[in-house]
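All of the numbers you see were taken from the coordinates with simple rules; none came from a lab. Fair warning: this is a prediction, and the values are worked out from it, not measured in the lab. Because the Cβ atoms are built from the backbone with ideal geometry, glycine has one as well, and the counts that use them run over all protein chains shown.
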Amino acid sequence: KNLIQIAIDGPAGSGKSTVAKKLAQVLGFIYLDTGAMYRTVTLKALRSQIDLNDPQALKAIVDTIAIDFDKDRVLMDREDCTEAIRQPEVSRNVSKVAMDVHVREVMVKQQQQIASNKNVIMDGRDIGTHVLPNADYKFFLVASAEERASRRLRELAAKGFETDLKTLTKEIELRDKLDSERACAPLAQASDAICIDTTTFNIEEVVNALLEIIQNRK
Ligand code: C5P
């Protein structure tokens, strides 16, 4: 079988997930939001009130959690947690959980399993570098910190969360720093990835830019 894999990586708020979702629709591929998986583990860890720096406690959680995707819903142990995993509390703690080597090992195995028999678009931080190193297409999306923060502000406001641009910019910068500096599979552009700056682009323009690259290389 000739399966196609597309990897989209980049920092928080670079537009990855919105673009990946649209692209998957157009191409008829499966879309996997790997950030949602780390968020789901984080939500369970927070609810269990474990010490997020304790590898043993994290292991107990990640070894027993069931993460499932049902269309655009995310399920944690069969419970719909789609909205819950977007809470600021989860965003503020997810990088700590995602630093854990065992957590990453378990997540990556599941991600590779999902990609093993379908055409897939996956977005995250380490897809092009670790999860799908042989992906047919690799993209790295970036945007200025201000633009990324204001995108998040709009997203959160639409969901009823109140916050301000300054706080959000700080949180996003801290998350990117933790994600880029961790020892295990940090946020990084794969050497064979195409970098696209989305600062001045809307979603449609980014989707079209990626489609053009994909169609021209066929
Ligand atoms: O993509 P999103 O912003 O929802 O990801 C949340 C967090 O999950 C990231 O900040 C990062 O800590 C972690 N993550 C990761 N590797 C991935 C995807 C997400 O470490 N492939």
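A few remarks follow.
- Filter on Lys16/Lys118; Lys71/Lys96; Lys138/Lys170; Lys118/Lys166; Lys16/Lys109 - keep pairs with C-alpha separation over 31 Å: Lys118/Lys166
- When DSSP beta bridges are restricted to pairs lying wholly in the chain, around 25% turn out antiparallel.
- Table column - 3J(HN,Hα) (Hz), segment 175-186, Karplus curve with 6.51, -1.76, 1.60, x for Gly and Pro: 4, 4, 5, 4, 5, 7, 9, 5, 6, 8, 6, x
- Comparing Lys21, Lys166, Lys138 in a Gaussian network model of the chain where C-alpha atoms under 10 Å apart are linked, the largest mean-square fluctuation is found at Lys166.
- Only Cα pairs under 8 Å and 6+ residues apart enter the sum, and on that basis the relative contact order of the chain stands at 33 percent.
- Rounded to the nearest 500, the 222 nm mean residue ellipticity of the chain from helices alone is -15500 deg cm²/dmol, with -39,500 (n - 2.57) taken per DSSP H run of at least 4 residues.
- Where GluC sites (Glu not before Pro) fall in DSSP loop in segment 109-190, at most 12 other Cβ within 10 Å: Glu162
- Order by protection proxy (mean Cβ within 10 Å, highest first), peptides 112-119, 42-49: 42-49, 112-119
- When only Cα pairs below 8 angstrom with a gap of at least 6 residues are kept, segment 106-179 shows a relative contact order of 23 percent.
- Applying the criteria of a DSSP loop state and at most 11 other Cβ atoms within 10 Å to the GluC sites (Glu not before Pro) of segment 71-112 yields Glu83.
- Long-range amide H partners of Val142 with built H, under 5 Å: Ile196, Asp197, Thr198
- Amide H contacts under 5 Å for Val74: Cys81, Thr82, restricted to partners 5 or more places along the chain or on a different chain, H placed in the peptide plane at 1.01 Å from N.
- Model label points for Ile194 and Asp51, set 7 angstrom from Cα along the Cα-to-Cβ axis, are 4.8 nm apart.
- Relative contact order (percent, whole number), segment 64-151, Cα cutoff 8 Å, 6+ residue spacing: 11 percent
- If you run the Gaussian network model on the chain, springs between alpha carbon atoms under 10 Å, then out of Arg92, Arg148, Arg175 the most flexible one is Arg92.
- Residue separation of Lys96 and Arg78 scaled by 0.36 nm, minus their Cα-Cα distance, works out to 4.0 nm of gained length.
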